[in-house]
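Worksheet for the structure shown next.
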Amino acid sequence: MNNFKEKFIGFVKARGVGFWLLLPATVFSIVLPFVYLSAYVSQPSYFEAGVMIIPFFAAAAFAMCFFKYTDKYAGVVTFVFSLLFLLMFINTVYYDVTDKLFKAGDISLGGIFKYMGSDFLFIVFASFINIVLAIVASFFAQRRKTEVKTSESTEREAVS
């Protein structure tokens, strides 16, 4: 148990800011397809299975953080898949949005908040949060740079 605790603390200390920014984006990427499925599976003209699969690729991109040579690209790949999901989602449901707003006679931003469901709003806002987090995370390191003590640096410290 103690060995696991030490390894876990070492793992947490070795992760950079970009890793911690991509973590909530990954959680949103896992939740988004299920919200989309529950909201639009009963309306076949607004549901497309391909849209539901894209966020899982964004979540899988998080695994790039665990490899030394691919960790710097994890934020960019997450951004691409999150943006692709948002664009494909808008492409599949835009007619539903316009239909509800024209029937209600309220074509405004307030009408979107009033007549569209909370699931639609969650998908849109969570997608925007994913995109912003992925962009910001791509500018930060996924792992911290740690100094490795060599025998030369130890000798220099001893002499000083």
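The values are calculated or read from the model by the stated rules, or taken from the named source; none is laboratory data. On a predicted model such as this, the values are computed, not experimentally measured, just so you know. Don't worry about glycine lacking a Cβ; one is built from the backbone with ideal geometry, like all the others, and counts go over all protein chains shown. Just so you know, the surface numbers come from the protein's heavy atoms only, side chains and all, with ligands and any DNA or RNA stripped out. Shrake-Rupley method; radii C 1.70, N 1.55, O 1.52, S 1.80 Å.
Summary table
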{"quantity": "When each of LYS5/LYS145; LYS5/LYS68; LYS68/LYS145; LYS13/LYS68 is checked by Cα-Cα distance, pairs over 19 Å", "calculated": "LYS5/LYS145; LYS5/LYS68"}
{"quantity": "Reachable lysines, given that their alpha-carbon falls under 16 Å from the alpha-carbon of LYS114 and they are not under 8 places away in the same chain", "calculated": "LYS100, LYS103"}
{"quantity": "At 0.890 mPa s and 25 °C, Stokes D of segment 1-57 from Kirkwood alpha-carbon radius, µm² per second", "calculated": "176 µm²/s"}
{"quantity": "Accessible area of the chain divided out per residue, in Å², using a probe of 1.4 angstrom", "calculated": "64 Å²"}
{"quantity": "DSSP loop GluC sites (Glu not before Pro) with at most 16 other Cβ within 10 Å: longest gap in the chain", "calculated": "49-146"}
{"quantity": "Surface share of carbon and sulfur [accessible, 1.4 angstrom probe, percent] for the chain", "calculated": "70 percent"}
{"quantity": "Check: the chain dipole with +1 on Lys, Arg Cβ and -1 on Asp, Glu Cβ, in debye", "calculated": "440 debye"}
{"quantity": "Convex hull volume per residue for the chain, taking Cα atoms only, in Å³", "calculated": "154 Å³"}
